[in-house]
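**Student:** For reference, the structure I am asking about is given below.
The values are calculated or read from the model by the stated rules, or taken from the named source; none is laboratory data. Just so you know, these numbers come straight off a predicted model, no measurement behind them. Cβ coordinates were reconstructed from backbone atoms using ideal geometry, including for glycine residues, and neighbour counts include every protein chain displayed.
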Amino acid sequence: MRPVIEAEGLEKVFRSGGRVVRAVQGVSLAVRAGEALGIVGESGCGKTTTARMLLRLEEPSGGRIVFEGEDITQRRGAALLPFRARAQLVFQNPFDALNPRFTIRRSLAEPLRNFGVPNEEHAARIEAVMARVRLTPTAAWLDRHPHELSGGQLQRVVLARALIPGPKLIVADEPVSMLDVSVRAGILNLLRTARDELGLAAVYISHDLALIRYVCERTLVMYLGRVVEEGPTVDLIERPLHPYTRALVAAVPVPRVEQDRAALPIKGALSDAPLAGGGCAFRDRCLQAFSRCAAEAPGLRVVEGGRKVACHLEPDMRG
Amino acid sequence: MLLTVRNFQVHYASRAGMVRAVDGVDLEVPAGSIVGLVGESGCGKSTLGRALMGVLPEAARVAGGSVVFEGRELVGAAERVRRDVRWRRMSFIPQTAMNALDPVLRLRVQMLEVLMERGGFRRGEALARAEGLFRQVGLDPGRLGDYPHQFSGGMRQRASIALALALEPALVIADEPVTALDVIVQRQVLDVMRDLQARLGIAMILVTHDMAVVAYACDRVAVMYAGRIVETGLAADVLERPRHPYTMGLTHAFPDVHGGTGELVPIEGSPPVLIDPQPGCRFAARCPFAMAQCFSETPAMVDGVACWRASEAAALRVAAAMPATWARA
């Protein structure tokens, strides 16, 4: 089965003043229908820029994006409209994702109008999508305005608005980070069910590995613009290969009093000046760095078990 | 006991009426312990933290109860007593470090201000102390001459911790100190706080919505719901064997990075509006185990839990682990 979305060698260079920031460097990924891919990393690792490029909300500086078998990298303006209907973003902050003056009905009808869905189909599609996000009976909700809804209810509307054009791909950037703990679980369950029932390809962006474990089978770990590790989420958490992934996993607190409180296997801080020249971008924070790490940047390679890692410490398994 | 809070009340004026944001809170903080104050937004935990420190916003006021800190009553105390306590004996770390730091002043100036004006240190001593404080929280003393905007979020949070510790207070109240930080930085900041508690015996109240942060960093926990503490005790007991259904709900609502991938269990509904609270247990409307009595009579805090069905906690815990229990009909 061909992937819903594929990206090859995505690059993003930002220039401001005299500074050049290579925000994303050579990121490749593929997501099939019914599959969810997680992208994790800290602020500034390039995960949000990658997601925005996948949706063509940010112009790639290099690389290719293929959606349902068609190269869409060069498409502009109106030529992107069919793609926009089929690739939707779930906003992070439900409190400012909706127009405060619109009723919920109008917020949901807007994308249908934009994508040319005939008016007589609107009511039935709105009804169906509201049932999917469990805002029923719909009559109780459709004429309300955003300020009359709680954060959890708003996020359901935001999800409904993303689903209503009938997308094949949804991209969610920190979909529950603004919500209260008691309602996060409900939204995550809805996202999972929608993906399974509609056979969506999903990309989740988060700094929270616990959330990623819950919703994504496969995960990319990014550090300073590059993918440093990729693999099945459970393997990556239980047996991280890259030293950065190890630190990231070890840093997540668990809701049990018995837990590992040993010092994190990482040096320094992300804010320290980025390293000049070649070599591994993580070497100044790595406890295991050796001479080769400064001389040569490790590429993302397939290692044991079909997992991928960009680290000189891992033996190449292709022989 | 370092801090003893009894029947504490904080009211907010709002357009819709008076909100009882903190409504009869009892809380104890032993010297040298880290107490997690946990609950969802709007439960009153931040208001409680700010009220104890005496830094409430304009619309809020302490409406009753008692706060005894190091043997002194703070409710109704003269401003002179408050000033004496603030920073020197009790200090505050806000959620975003930018709120604790003045953006137009170099960090050195801000540290010296606290150390010299409030602490009475001479300039030379104060400078040496500022450097030591930076080192203690893992910052390079060479960067005392920086402005806050030259620091990353994690570094700013460390600087605001250094500021809070400047006069070696007995108690630090930290309001969601790591919520806005990335996971590695979050862990490093929590480790700084744990280290200071261990080495200097500083007690802390850590206000958070995150049960995992409580589990990682706190000795004791107080679970707050709708303006009241509903369960309190040693973190090990409360997290492993919660006795209040709200605490049980919170423990199942979170994904666990090393846990399974089974259904998470949301707590349906939302907390009540605290303008004219109904009698009875405030969690009753969302509680899958509520009985008639729960809607009419307020359960008192007995042995660390305020629930009419506390004696059945073991059986309720089994039921609470099942998603069907929490599903709305």
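**Student:** Within the stretch A:76-88, which residues are at pLDDT 95 or above and not in a helix (DSSP H, G or I)?
**Tutor:** Across the stretch A:76-88, the qualifying residues are A:ALA87, A:GLN88.
**Student:** Between A:GLY26, A:GLY63, which is more than 13 Å from the chain's Cα centre (by Cα), without any contact (Cβ under 8 Å) to a residue 60 or more places away in the chain, assigned to a strand (DSSP E or B) and under 21 Å from A:ALA310 (Cα atoms)?
**Tutor:** A:GLY63
**Student:** Looking only at the stretch B:271-316, filter to residues that are of a type in the set (Ser, Thr, Tyr) and touching a residue at least 12 places away in the same chain (Cβ under 8 Å); which one of those is nearest to B:VAL22 (Cα to Cα)?
**Tutor:** This residue is B:THR298.
**Student:** Could you figure out which of (1) touching a residue at least 12 places away in the same chain (Cβ under 8 Å); (2) assigned by TED's automatic domain parsing to the domain that holds B:GLY201 isn't true of B:PHE134?
**Tutor:** (2)
**Student:** OK, next. Run down A:LEU220, A:LEU248, A:LEU241 and say which single residue is of a type in the set (A, V, I, L, M, F, W, C) and within 12 Å of chain B (Cβ to nearest Cβ).
**Tutor:** Details: A:LEU220 fails: within 12 Å of chain B (Cβ to nearest Cβ); A:LEU241 fails: within 12 Å of chain B (Cβ to nearest Cβ).
Going through A:LEU220, A:LEU248, A:LEU241 in turn, just one is of a type in the set (A, V, I, L, M, F, W, C) and within 12 Å of chain B (Cβ to nearest Cβ): A:LEU248.
**Student:** Go through B:GLY153, B:GLY138 for me and flag whichever is farther than 21 Å from B:ARG199 by Cβ and crowded, with 16+ Cβ neighbours inside 10 Å.
**Tutor:** Sole residue among the options that is farther than 21 Å from B:ARG199 by Cβ and crowded, with 16+ Cβ neighbours inside 10 Å: B:GLY153.
**Student:** Would you call A:LEU275 at pLDDT below 90, away from chain B (no Cβ under 12 Å) and surrounded by fewer than 21 Cβ atoms within 10 Å (Cβ to Cβ)? Break it down stepwise before answering.
**Tutor:** Numbers: at pLDDT below 90: yes; away from chain B (no Cβ under 12 Å): yes; surrounded by fewer than 21 Cβ atoms within 10 Å (Cβ to Cβ): yes.
In short, yes.
**Student:** Could you tell me which numbered condition B:VAL238 fails, if it satisfies all but one of (1) of a type in the set (A, V, I, L, M); (2) in a helix (DSSP H, G or I); (3) within 25 Å of A:LEU149 (Cα to Cα)?
**Tutor:** Every condition holds for B:VAL238 apart from (3).
**Student:** Counting residues that are over 14 Å from the mean Cα position of the chain (by Cα) and under 12 Å from A:ARG307 (Cβ atoms), which strands (runs of 3 or more DSSP E) fully inside the stretch A:197-263 reach at least 2?
**Tutor:** A:226-232
**Student:** Then there's this: Being touching a Lys or Arg at 6+ places or on another chain (Cβ under 9 Å) and part of a loop (DSSP other than H, G, I, E, B) is the filter; apply it to the stretch B:182-227 and report the residue that is nearest to the other protein chains (Cβ to nearest Cβ).
**Tutor:** Here the residue is B:HIS209.
**Student:** Filtering the stretch A:11-45 down to residues that are within 14 Å of another protein chain (Cβ to nearest Cβ) and buried (at least 18 other Cβ atoms within 10 Å of the Cβ), which residue is nearest to A:THR219 (Cα to Cα)?
**Tutor:** A:GLY38
**Student:** If you don't mind, another one. Quick one: which residue in A:GLY26, A:GLY46 is on the phi > 0 side of the Ramachandran plot, at pLDDT 95 or above and not hydroxyl-bearing (Ser, Thr, Tyr)?
**Tutor:** A:GLY26
**Student:** If B:ARG82 satisfies every condition in (1) touching a Gly at 6+ places or on another chain (Cβ under 7 Å); (2) buried (at least 16 other Cβ atoms within 10 Å of the Cβ) but one, which is the exception?
**Tutor:** The failed condition is (2).
**Student:** Considering (1) in contact with a Gly (Cβ under 7 Å, 6 or more places away or on another chain); (2) crowded, with 24+ Cβ neighbours inside 10 Å; (3) farther than 25 Å from B:VAL178 by Cβ, say which one A:ILE212 fails and leave the rest.
**Tutor:** (3)
**Student:** Only one of B:GLU176, B:GLU231 is within 13 Å of chain A (Cβ to nearest Cβ), touching a residue at least 60 places away in the same chain (Cβ under 8 Å) and of a type in the set (D, E, K, R); which?
**Tutor:** The match here is B:GLU176.
**Student:** Would you be able to tell me the number of residues in the stretch B:258-277 that are acidic (Asp, Glu), more than 7 Å from every other protein chain (Cβ to nearest Cβ) and closer than 30 Å to A:ARG218 by Cα? Quick ask: steps written out before the conclusion?
**Tutor:** Initially, the stretch B:258-277 is screened for residues acidic (Asp, Glu), giving B:263, B:268, B:276.
Imposing the further condition that a residue be more than 7 Å from every other protein chain (Cβ to nearest Cβ) reduces the set to B:268, B:276.
Pick out the ones that are also closer than 30 Å to A:ARG218 by Cα and you get B:268.
The number of residues fulfilling the criteria is 1.
Yes or no, residue by residue, for (1) under 21 Å from A:VAL254 (Cβ atoms); (2) assigned to a helix (DSSP H, G or I):
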residue	(1), (2)
B:MET248	yes, yes
B:GLU263	yes, no
B:GLY269	no, no
B:ASP276	no, no
B:ARG282	no, no
B:PRO288	no, no
B:THR298	no, no
B:ARG317	yes, yes
B:ARG328	no, no
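**Student:** List the strands (runs of 3 or more DSSP E) that sit entirely inside the stretch B:1-82 and contain at least 3 residues that are of a type in the set (Gly, Ala, Ser).
**Tutor:** B:17-29, B:60-69
**Student:** Assuming B:CYS307 fulfils every condition listed in (1) assigned to a loop (DSSP other than H, G, I, E, B); (2) within 14 Å of another protein chain (Cβ to nearest Cβ); (3) of a type outside the set (Val, Ile, Thr); (4) crowded, with 21+ Cβ neighbours inside 10 Å apart from one, which condition is it?
**Tutor:** The number of the failed condition is (2).
**Student:** Can you pull out every residue in the stretch A:46-86 that is of a type in the set (Gly, Ala, Ser) and surrounded by fewer than 16 Cβ atoms within 10 Å (Cβ to Cβ)?
**Tutor:** Scanning the stretch A:46-86 gives A:GLY62, A:GLY69, A:GLY77, A:ALA78, A:ALA79.
**Student:** Among B:ALA212, B:ALA162, which is hydrophobic (A, V, I, L, M, F, W, C), within 25 Å of B:ASP26 (Cα to Cα) and without any contact (Cβ under 8 Å) to a residue 60 or more places away in the chain?
**Tutor:** That would be B:ALA212, the only listed residue that is hydrophobic (A, V, I, L, M, F, W, C), within 25 Å of B:ASP26 (Cα to Cα) and without any contact (Cβ under 8 Å) to a residue 60 or more places away in the chain.
**Student:** If you don't mind, another one. Failed condition for A:THR193, given (1) in a strand (DSSP E or B); (2) within 14 Å of chain B (Cβ to nearest Cβ), with all others met?
**Tutor:** Checking A:THR193 against (1) in a strand (DSSP E or B); (2) within 14 Å of chain B (Cβ to nearest Cβ), the one that fails is (1).
**Student:** Please determine, by comparing only the residues of the stretch B:237-254 that are over 17 Å from B:PRO288 (Cα atoms), facing chain A (nearest Cβ under 7 Å) and at pLDDT 85 or above, which one is farthest from the chain's Cα centre (by Cα).
**Tutor:** Restricting to residues being over 17 Å from B:PRO288 (Cα atoms), facing chain A (nearest Cβ under 7 Å) and at pLDDT 85 or above, the top hit is B:GLU240.
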